[in-house]
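Scroll down for the structure; my scribbles are underneath it.
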Amino acid sequence: MRALRIVLGIVGAVAMVIALAEVLLGPHVVMPGNPVVDPSVDSNYRFFAAFFGAAGLAILLNLRRLDPGPLRWILGAFFAGGLARLFSLAETGEPVGLVYGLLALELVAPPLLLLWHHRVTGHLRSDSAASGT
């Protein structure tokens, strides 16, 4: 359980640091050079960066209890973000290389972390027993 808390703590802290950089620097955090970005896109990017930081904070606040409910929502949101990146890739074309790494992380890490959480805490068995399935 300690290892899971450490990994989730790192995930939460990294999300908060990245979000802070994205709020302060805008899209240039992930875009090489000095690309011209429409002010509306920049505003939207920074707005959602704040939510990314809030998700990181929520993970950190949940470390003691490891409550499965909030963790499912937060990691589910990270996974949904990866799906949104896939949609963007199909709609607008290839992004910078860093985005592929983020995409892989967003689609692979959340399910693995949830499986690890269920295995360590036993919530998978207790949830199905409580629902009668």
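The residue among Trp73, Leu4, Leu103 whose Cα reaches farthest toward the positive pole of the charge dipole of the stretch 2-125, with charges on the beta-carbon of Lys, Arg, Asp and Glu, is Leu4.
For Val37, no residue whose modelled amide H falls within less than 5 Å of its own remains once neighbours fewer than 5 places apart on the same chain are excluded. Sequentially through the stretch 94-100, phi angles give Karplus couplings (6.51, -1.76, 1.60; θ = phi - 60°) of 6, x, 5, x, 4, 5, 5 Hz, Gly and Pro residues having no value and appearing as x.
Taking N as the number of residues in the chain, what is its alpha-carbon radius of gyration divided by 2.2 N^0.38 Å?
1.18
Applying the Karplus relation 6.51 cos²θ - 1.76 cosθ + 1.60 with θ = phi - 60° to the stretch 42-57 yields 3J(HN,Hα) values of 4, 4, 5, 4, 5, 4, 6, 4, 5, 5, 4, x, 5, 5, x, 5 Hz, where x marks Gly and Pro. Each of His118, Gly53, Leu25 was placed along the dipole of the stretch 2-125 (beta-carbon charges, centred on the mean Cα), and the one lying farthest toward the positive end is His118. Calculated FRET efficiency, Arg64 to Val108, Cβ-Cβ distance, R0 = 35 Å: about 0.85 to the nearest 0.05.
The phi-based Karplus calculation (6.51 cos²θ - 1.76 cosθ + 1.60; θ = phi - 60°) puts the 3J(HN,Hα) values of the stretch 101-114 at x, 5, 4, 4, 4, 5, 8, 9, 5, x, x, 5, 5, 5 Hz, whole numbers, x for Gly and Pro. The modelled label-to-label distance between Asp38 and Ser88, using points 7 Å beyond Cα along the C-beta direction, is 1.4 nm.
Given a Förster distance of 22 angstrom, what is the FRET efficiency for Phe47 paired with Val99, based on the Cβ-Cβ distance and rounded to 0.05? If you can, show how the numbers build up before the last one.
Details: r = 19 Å, r/R0 = 0.86.
That pair, Phe47 with Val99, gives E of 0.70.
Under the simplified labelling scheme, the Ala3-Arg72 pair shows an inter-label distance of 2.5 nm, with each label point 7 Å from Cα along Cα→Cβ. For the chain, the relative contact order works out to 27 percent when only alpha carbon pairs closer than 8 Å and six or more residues apart are counted.
No value in this document is a laboratory result; all are computed from the given coordinates. This is a predicted model, so every value here is computed, not measured. Methodologically, a virtual Cβ is constructed for each residue, glycine included, from the backbone with ideal geometry; neighbour enumeration extends over all protein chains shown.
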